[in-house]
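The values are calculated or read from the model by the stated rules, or taken from the named source; none is laboratory data. These numbers come from a predicted model, not from an experiment. Neighbour counts run over all protein chains shown; Cβ positions are idealised from the backbone, glycine included. Side chains are part of the model used for accessible areas, which takes the heavy atoms of the whole protein and leaves out ligands, DNA and RNA. Shrake-Rupley method; radii C 1.70, N 1.55, O 1.52, S 1.80 Å.
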Amino acid sequence: MPVMDENLITVFDEVVARNPGETEFHQATREVLESIGPVVAKHPEYTSAEVVRRLCEPERQIIFRVPWTDDAGRVQLNRGFRVEFNSALGPYKGGLRFHPSVYLGIVKFLGFEQIFKNSLTGLPIGGAKGGSDFDPKGKSEAEVMRFCQSFMTELYRYLGEHTDVPAGDIGVGGREIGYLFGHYKRITNRYESGTLTGKGLTWGGSQVRTEATGYGTVFFVEEMLATSRDTFEGKRVVVSGSGNVAIYAIEKVHQLGGVVVACSDSNGYVLDEAGIDLDLLKEIKDQQRGRVSDYATRRGGPVRHIKDGSIWDVPCEIALPCATQNELNGNDARRLIANGCKIVAEGANMPSTPEAIKILHEAGVKFAPGKAANAGGVATSALEMQQNASRDSWSFEHTEERLAGIMRSIHDRCLETADDYGQPGDYVTGANIAGFTKVADAMLAFGLI
Ligand code: GLU
């Protein structure tokens, strides 16, 4: 694993000092700064223009009050965020996360990752992230709507198809995007489809956007397997999480002949040796917003729900962490290796701790970081923006083919870049350097802004 370049240590120290207590943001910057040393050494112009230092400081950070009333008529209060991190390659682009754990450090880490991820897609999108500490769990439809409307009442003034284009993330799906878009349309009096992505298919959404993050991760792993002339056929796979990313990762693994034997939520995991029954899982999650324990009860037979257990105890050849940040630690990595795991690809953002990544790397497990492996979601958002701009809509097949092509090209660019910098097979180095270079060159071209 690379050691950080001298010049970049100063930048990193400044990041920590300027953003105290924001541990996830420190973790995300550290990983990128550890990778890009060789590029910075080769390009003194990046250092003289302080490109890396500027890149680590968001262009704009918005924090706002979100008041709303619950069904009992009581006043509730949440905090809203939008970190518009970098617009060198295009309008700010990135999702909104509604989860009680959201604070500025989480939004900043996600926004920072998004810059490089969006750059890797090859499409013209900058990096941003936003959200709120609002917890949609247990809220009524009406409460979710009132919250979304209040959130958009403040955020709308910063958005626009050429400025900033949010989408979903944890806790923000089609329902929330509907309320957000409806309110944006009402208060601006403009049907500006390209201002939000992840929209419904009848009102400006794109085919495959719902499936894109999970499908894209699996397409990426397909490419990783192909480097050793292997396929998903007959492979035993574990997918953590049971939200949108996990569900469509499971679907694509099954389509490609693999078997997903376990998935999870924050209360535990289910082990289903026959392969997860996706129709049942979708029904429980979509219609009833249920838990994986309900899946075990409904499915019956030998299917087990392991309460509070770690899904990484389950032996598998391929592990896809698709839940949330830092869900796979050093001990989990050791158990995966002991059980014969050969590939780990991140469907979530930063799900593996730095220790886990180091251990997997040293054991020769192929590891794909989220900013490469889960870029299919935002890539398809950019395809949605293209369709909105041309007032067109593409077929499922065409859109899926575009997604597959984008994932192939991200995969190949990571490997080629890793090769160029003497780290063959190191997807982390490849993704960070390839993502960084494009943004850095654009920032240089623009002068000091
Ligand atoms: N939240 C997703 C991500 O982490 C998608 C963002 C988007 O489509 O703008 O990349």
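Annotations for the structure displayed:
- Surface analysis of segment 90-158 yields an accessible area of 26 Å² per residue, using protein heavy atoms and a 1.4 Å probe.
- At full extension, residue 444 and residue 304 could sit 44.9 nm farther apart than now, given 0.36 nm per residue minus the alpha carbon distance.
- Remark: segment 26-77 carries a charge dipole of roughly 100 debye about the Cα centre, counting +1 on each Lys and Arg Cβ and -1 on each Asp and Glu Cβ.
- Using alpha carbons only: equivalent-ellipsoid semi-axes of segment 294-449, gyration tensor based, whole Å: 32, 24, 14
- Ordering 309, 38, 106 by Cα displacement along the dipole of the chain toward the positive end leaves 106 in first place; charges were set at the Cβ atoms of Lys, Arg (+1) and Asp, Glu (-1).
- Cα gyration tensor of segment 1-153 - equivalent ellipsoid semi-axes, whole Å, descending: 35, 15, 12
- Working note: Debye formula, equal point scatterers on the alpha-carbon atoms of segment 97-205, no solvent; log10 I(q)/I(0) at q = 0.24 Å⁻¹ is -1.50.
- Helix screen, the chain: no DSSP H segment has Cα axial length of 15 Å or more and mean Kyte-Doolittle hydropathy at least 1.6.
- Inter-label distance for residue 30 and residue 273, nm, one decimal - labels placed 7 Å from Cα along Cα-to-Cβ: 4.1 nm
- Fraction of accessible area attributable to carbon and sulfur, the chain (%, probe 1.4 Å): 49 percent
- Computed about its Cα centre, the charge dipole of the chain is approximately 1040 debye, with only Lys, Arg, Asp and Glu carrying charge at their Cβ.
- Over 18 Å [Cα-Cα, segment 311-358], rounded percent: 14 percent
- Residues in segment 213-248 reached by a label modelled at residue 420 [backbone nitrogen below 13 Å; 7 Å Cα→Cβ]: none
- Förster radius 45 Å - calculated FRET efficiency between residue 189 and residue 17 (Cβ-Cβ, nearest 0.05): 0.50
- Cut-off 14 Å between beta-carbons: net charge of the residues surrounding residue 419, Lys and Arg +1, Asp and Glu -1: -3
- Those aspartates and glutamates that a straight Cα-Cα span of less than 16 Å connects to residue 199, excepting residues fewer than 8 apart in one chain: 161, 164, 169, 176, 211, 384, 392
- Working note: 222 nm ellipticity from helices only, DSSP H runs with n ≥ 4, each -39,500 (n - 2.57), summed and divided by the residues of the chain, gives -14500 deg cm²/dmol to the nearest 500.
- Antiparallel beta bridges, as assigned by DSSP with both residues in the chain, represent about 55 percent of the total such bridges.
- Available extension along the chain between residue 313 and residue 229 is 27.5 nm, counting 0.36 nm per residue and deducting the alpha carbon span.
- Taking a straight Cα-Cα cut-off under 18 Å and skipping sequence neighbours fewer than 8 places away in the same chain, the lysines within cross-link reach of residue 117 are 93, 108, 129, 371, 438.
- The charge dipole of segment 294-392, taken about its Cα centre with unit charges on the Cβ of Lys, Arg, Asp and Glu (plus for the first two, minus for the last two), comes to roughly 200 debye.
- Selection among 263, 245, 278 by position relative to the dipole of segment 245-293 gives 245 as farthest towards the positive end (Cβ unit charges, Cα centre).
- Over segment 219-289: Kirkwood hydrodynamic radius from C-alpha pairwise inverse distances, Å: 12.6 Å
- GNM top mover of 41, 167, 404 - the chain, alpha-carbon springs below 10 Å: 41
- Sparse-neighbourhood loop sites, trypsin sites (Lys or Arg not before Pro) in segment 238-340 - DSSP loop, at most 16 other Cβ within 10 angstrom: 289
- Accessible solvent surface per residue of segment 387-449, calculated while the other protein chains remain in place, 1.4 angstrom probe, Å²: 48 Å²
- Value of D in µm² per second that Stokes-Einstein yields for the chain, Kirkwood Rh from Cα pairs, at 37 °C (0.692 mPa s): 149 µm²/s
- Inter-probe distance in nm under a simple model that places probes 7 Å from Cα toward Cβ, at residue 53 and residue 401: 4.9 nm
- Positive-pole candidate from 170, 341, 119, dipole of the chain, charges at beta carbon: 170
- Our estimate of slack between residue 161 and residue 9, defined as 0.36 nm per intervening residue step minus the Cα-Cα distance, is 51.1 nm.
- D (Stokes-Einstein, µm²/s), Kirkwood Cα radius, segment 58-110, 1.002 mPa s at 20 °C: 169 µm²/s
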